[in-house]
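Below: one structure, written as structure tokens.
The values are calculated or read from the model by the stated rules, or taken from the named source; none is laboratory data. In this text the structure is predicted, and so the values were computed from the model without any measurement. Cβ atoms come from the backbone with ideal geometry, glycine included; neighbour counts cover every protein chain shown. The accessibility values were calculated without ligands, DNA or RNA, using every heavy atom of the protein model including side chains. Shrake-Rupley method; radii C 1.70, N 1.55, O 1.52, S 1.80 Å.
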2 protein chains.
Amino acid sequence: MKKNALSITRADDFAGWYQQVIAEADMAEESGVRGSMIMRPWGYGIWERVQYLMDQRIKASGHENCYFPLFIPLSYFSKEAEHVDGFAKEMAVVTHHRLIKGEDGGLVVDPEAKLEEPLVVRPTSETVIGTAFARWVQSWRDLPVMINQWANVVRWEMRTRMFLRTTEFLWQEGHTAHATKAEAMEETLSALEMYRAFSEEVLAMPVIAGEKPENERFPGADATYSIEAMMQDGKALQAGTSHFLGQTFSKAQNIRYQDKDGEFQFAYTTSWGTSTRMIGGVIMTHGDDDGMRVPPLIAPYQVVIVPMLRDKPEDEEVLDYCKALAKDIAKLRAFDEPVRVKVDVTGAKTQTKRWSWIKKGAPVILEIGPRDMADNKVAMIRRDALYQDSGKLDTKFLAKAEFIPEIPALLSDIQTNLHSEARERMDGNVKKGVEYWSDVERFYAPKKKHPGWLEVQWCKATGEELKSIEERLKKLKLTFRNVPVDAAAADGTCIFTGKPAVERIIIGKAY
Amino acid sequence: MKKNALSITRADDFAGWYQQVIAEADMAEESGVRGSMIMRPWGYGIWERVQYLMDQRIKASGHENCYFPLFIPLSYFSKEAEHVDGFAKEMAVVTHHRLIKGEDGGLVVDPEAKLEEPLVVRPTSETVIGTAFARWVQSWRDLPVMINQWANVVRWEMRTRMFLRTTEFLWQEGHTAHATKAEAMEETLSALEMYRAFSEEVLAMPVIAGEKPENERFPGADATYSIEAMMQDGKALQAGTSHFLGQTFSKAQNIRYQDKDGEFQFAYTTSWGTSTRMIGGVIMTHGDDDGMRVPPLIAPYQVVIVPMLRDKPEDEEVLDYCKALAKDIAKLRAFDEPVRVKVDVTGAKTQTKRWSWIKKGAPVILEIGPRDMADNKVAMIRRDALYQDSGKLDTKFLAKAEFIPEIPALLSDIQTNLHSEARERMDGNVKKGVEYWSDVERFYAPKKKHPGWLEVQWCKATGEELKSIEERLKKLKLTFRNVPVDAAAADGTCIFTGKPAVERIIIGKAY
């Protein structure tokens, strides 16, 4: 019987499996600091790839990168809190600026060094960036302003989970200001589409892009859009959001411009963000019972060469052969970049090294021993198709000279294959055509594992009516995800109220 | 008479000039948050180039990037403070995790949400990274560990200055652990050499690499090395440091390994860092009375095309011509990368745009009007050779077809030229052969502007003797910079004590 590399399977304990993938793939670990993780080279390397590739798209669409302060004076938030209901208040606050020796010889906070005004560690930067926009924008000629920032942010979360919800996380936040409502809305949707395309094309992670209902909006936003990815346990992961902020923030922060007629107008602003949370999504989209599977576009190394070393004199020759092979592979280009290849020169046993790269999810693993060298062959393992039908590891012995030029096509095939597999799973798990609330209750019956999502018709309730629907969903641990931008028009009745339906909306369990 | 773009010249008021360059080049601005600046696209773009190019060197020398928490529990520092004298204590401390509505409707810190243990915002990461190393390192097989982190750090500075000394700044910090003292020392010096080469080759900023005397060491280090750059006012800027930490930190943090004989040994550690401070160094090395001059290797755009637009129908044609020109230029490669080119399509007057790019310091500026277009010519300004002898702007009218293929060589020439100019100035301003303390006093006479540095022979004093020498230097506002790694051997007497000299050391005023 086939035995997998992880001791916990997805089917048995999805949450335990998730933690084990992260540990066994050496992606991240608990830091000893509450709610904060350490991203290790393989996990951080994936984030670097995400940054690199998304940054290109952000810049290509006319945005420039800036850097704004980590600390935001408390008064900035007070101003925002006046304008914004439901403003989140769980934040890290800096109140002192010095340590001194305590009585026991250790260090304590110096009570003399209290700040006049507490500083909040940024949870997001609308307030401090808006204040800058107010300085930068005077005339219609100064618009649009389109900037982006890569930064760390902090939110004081009670229950944390690596990559998905950590006190500190890394992200990008785009912020723009525009002269007209139409332009700002176009920007909001263009950021959403950028995220959708990035997620599908780069992360190989299928998503549904759509608008959130009122109760799920970013506080202060006129409209919030999201991309929602389906994890292998059928839960939704919100993997990116784009907010149309209307004039709420420009009025709070006085972002005004003189139009062509000399009249003062408030600008329209947007903000949009994605974070290291996406990596959690990639794990739960592509990981299997042997560990992580990294899509080639974001794999720190796309091809890993494992020399079979036996502490014998011929080791040197095998190593040289592998290094020469790596050099040849590095000359190839895949996805318009040089192929990223690594020789694992560590002293561990071949089997240990092989399985460590399988668990890390390197797309292609090549094993080279003295015999392969003599035959001019490579033993190739493809991470997305690990086993033969028999359950045996599917190691292919290939002629080196023929195999090398095939690598770019192979990587491209793996990228496509991971995407198709995930796309098929998602498409098969969004059930449409449910007409009654009782069907919803049945669909999410307590014993059912990984039920997926429902697309239902509803009346687009607001206010109190929406709250009561929210309560009903909450009892089943469900939430609204979004109204897909490409959903069919409504043609039935609202499953919650029986009123004529206005649109179709996704519901499901979520992270 | 030639009139420069800035109202403050270097000769008149170097500090005022520095601030004006930053403002006029749109590099950074005050944020309204104490001691923190906003890096605007041109300034941050330079930092992105620095990151990109240094990251390649860091990785090529076998280091991998990780990410560690921003918040470090106070107890970690207490442990360090026991082991380390002179431990700096001006740090931002997070004590609370929630805001609530205050009596006046604004927000206040929730006194109920006090943290059990205060969290320090990282001033540097030795403690938290060392704690991880202690987990990662068990056997000699786990060594060396060689990692790097790009991050923001915070130090509570009393007097701040953009790029040079800000409360929050961006940096990279390398951290390594090794089995032997020799290996750790080799790593320390190899990081130092990486910084030296990067500074000279990439920033075009000449530096002296050398060891700091005892009183200038990083607290807890056995040896600290630095690169010191000379600013145009003759002051030194410490632009990077590399520390040999011996076993001080491994003992405090219990980084132990079992050697091949099964014996437990403490590892030897190093750390090394450079920061956004380097950009301050680049400004004060290359800037002139017309603003910034950015070395092509780190210029966000190397070639800027300014279309001469007149609000007339032919504008469209000029714009198209410029965009086609940009496309051709973007196909070229300089320094092994595609040439970075931008068309300035903003609606400002040609003269305004020209001078804004001169003040920003774009290496090559091309102006294109209808006449140039008709003649197939470009009007080219080279930022490092802005004026003719007469004082007139040196705009060269060149045949487009002949000029384009010359761009890579031109960029390379500008890079070299900026370096040579700075190298010559530095070499001419390090005076050697001073034999008496009275000569030092004369050299740094109060009225003298921009005196530069002295290389003097000294006895390598330590302890109390060193302290009294420090006091004498302090009266002249001087400090020891470093003992150049390539200085000649000592052959005279110590100018401070009259004892036989042990080595040659640089003294000067410093930032």
* Structure fact -> Going through segment A:159-196 in order, the residues found to be in a helix (DSSP H, G or I) and either open to solvent by 10 Å² or more (accessible area, probe 1.4 Å) or of a type in the set (Val, Ile, Thr) (or both) are A:Lys181, A:Ala182, A:Glu183, A:Met185, A:Glu186, A:Glu187, A:Thr188, A:Leu189, A:Ser190, A:Glu193, A:Met194, A:Arg196
* Unmet requirement for A:His63, which otherwise passes all of (1) over 23 Å from the mean Cα position of the chain (by Cα); (2) open to solvent by less than 40 Å² (accessible area, probe 1.4 Å); (3) more than 9 Å from chain B (Cβ to nearest Cβ) -> (1)
* Lone unmet requirement of (1) under 22 Å from B:Gln56 (Cβ atoms); (2) in contact (Cβ under 8 Å) with a residue 24 or more places away in the chain; (3) outside the structural domain of B:Met230 (by TED's automatic domain parsing) for B:Ser275 -> (3)
* Structure fact -> Considering segment A:110-141, residues that are part of a helix (DSSP H, G or I), within 10 Å of chain B (Cβ to nearest Cβ) and of a type outside the set (A, V, I, L, M, F, W, C), and then whichever is least open to solvent (accessible area, probe 1.4 Å), we arrive at A:Thr131
* Sole residue being farther than 25 Å from B:Arg165 by Cβ and either surrounded by fewer than 15 Cβ atoms within 10 Å (Cβ to Cβ) or among the hydroxyl-bearing types (Ser, Thr, Tyr) (or both), chosen from B:Glu455, B:Glu503, B:Glu421, B:Glu441 -> B:Glu441
* Asked: Would you say A:Glu24 is within 10 Å of another protein chain (Cβ to nearest Cβ), in contact with a helix residue (DSSP H, G or I) (Cβ under 7 Å, 6 or more places away or on another chain) and open to solvent by 30 Å² or more (accessible area, probe 1.4 Å)?
  -> no
* Structure fact -> Taking segment A:220-258 and keeping residues under 30 Å from A:Asp12 (Cα atoms) and open to solvent by 20 Å² or more (accessible area, probe 1.4 Å) leaves A:Gln232, A:Lys235, A:Gln238
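Which residue out of A:Ile298, A:Ile368, A:Ile358 is closer than 16 Å to A:Phe403 by Cβ and either acidic (Asp, Glu) or in contact (Cβ under 8 Å) with a residue 24 or more places away in the chain (or both)?
Sole residue among the options that is closer than 16 Å to A:Phe403 by Cβ and either acidic (Asp, Glu) or in contact (Cβ under 8 Å) with a residue 24 or more places away in the chain (or both): A:Ile368.
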* Structure fact -> Checked segment B:336-381 for anything assigned to a helix (DSSP H, G or I), closer than 26 Å to A:Lys59 by Cβ and of a type in the set (A, V, I, L, M); matches are B:Ile358
* Asked: How about segment B:307-332: which of its residues are in contact (Cβ under 8 Å) with a residue 12 or more places away in the chain and assigned to a loop (DSSP other than H, G, I, E, B)?
  -> B:Met308, B:Leu309, B:Glu314, B:Leu332
* **Some residue of segment B:14-26 being touching a residue at least 12 places away in the same chain (Cβ under 8 Å) and within 30 Å of A:Phe169 (Cα to Cα)** => yes
* **Cβ pairs under 6 Å, 6+ apart, first in segment B:43-56 and within 9 Å of another protein chain (Cβ to nearest Cβ), second surrounded by fewer than 22 Cβ atoms within 10 Å (Cβ to Cβ) and not hydrophobic (A, V, I, L, M, F, W, C)** => B:Tyr44/A:Asn65; B:Gly45/B:Pro300
* To do: Could you list all residues from segment A:333-349 that are on the phi > 0 side of the Ramachandran plot and surrounded by 13 or more Cβ atoms within 10 Å (Cβ to Cβ)?
  => A:Phe335
* To do: Would you mind finding the one in A:Trp150, A:Trp156 that is surrounded by 16 or more Cβ atoms within 10 Å (Cβ to Cβ), in contact with an Asp or Glu (Cβ under 9 Å, 6 or more places away or on another chain) and in a strand (DSSP E or B)?
  => A:Trp150
* Asked: What about A:Ile72, is it at the interface with chain B (Cβ under 10 Å from one of its Cβ atoms), open to solvent by less than 30 Å² (accessible area, probe 1.4 Å) and part of a strand (DSSP E or B)?
  -> yes
* Out of curiosity, is A:Lys392 in contact with a strand residue (DSSP E or B) (Cβ under 6 Å, 6 or more places away or on another chain), charged (D, E, K, R) and within 22 Å of A:Val294 (Cα to Cα)? -> no
* To do: Could you please find all residues in segment A:34-52 being out of contact with any helix residue (DSSP H, G or I) (no Cβ under 7 Å at 6 or more places or on another chain) and either in a helix (DSSP H, G or I) or more than 30 Å from A:Leu297 (Cα to Cα) (or both)?
  => A:Arg34, A:Pro41, A:Tyr44, A:Gly45, A:Glu48, A:Gln51, A:Tyr52
* For B:Asp336: the one exception among (1) free of Cβ contacts under 8 Å to residues at least 60 places away in the same chain; (2) within 16 Å of B:Glu367 (Cα to Cα) -> (2)
* To do: Mind telling me which of the residues A:Pro300, A:Pro295, A:Pro338 ends up being in contact with a Phe, Trp or Tyr (Cβ under 8 Å, 6 or more places away or on another chain) and modelled with pLDDT of 95 or more?
  => A:Pro300
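Checking the condition free of Cβ contacts under 8 Å to residues at least 40 places away in the same chain and within 27 Å of A:Glu48 (Cβ to Cβ), which residue from A:Thr224, A:Thr241, A:Thr176 passes?
A:Thr241
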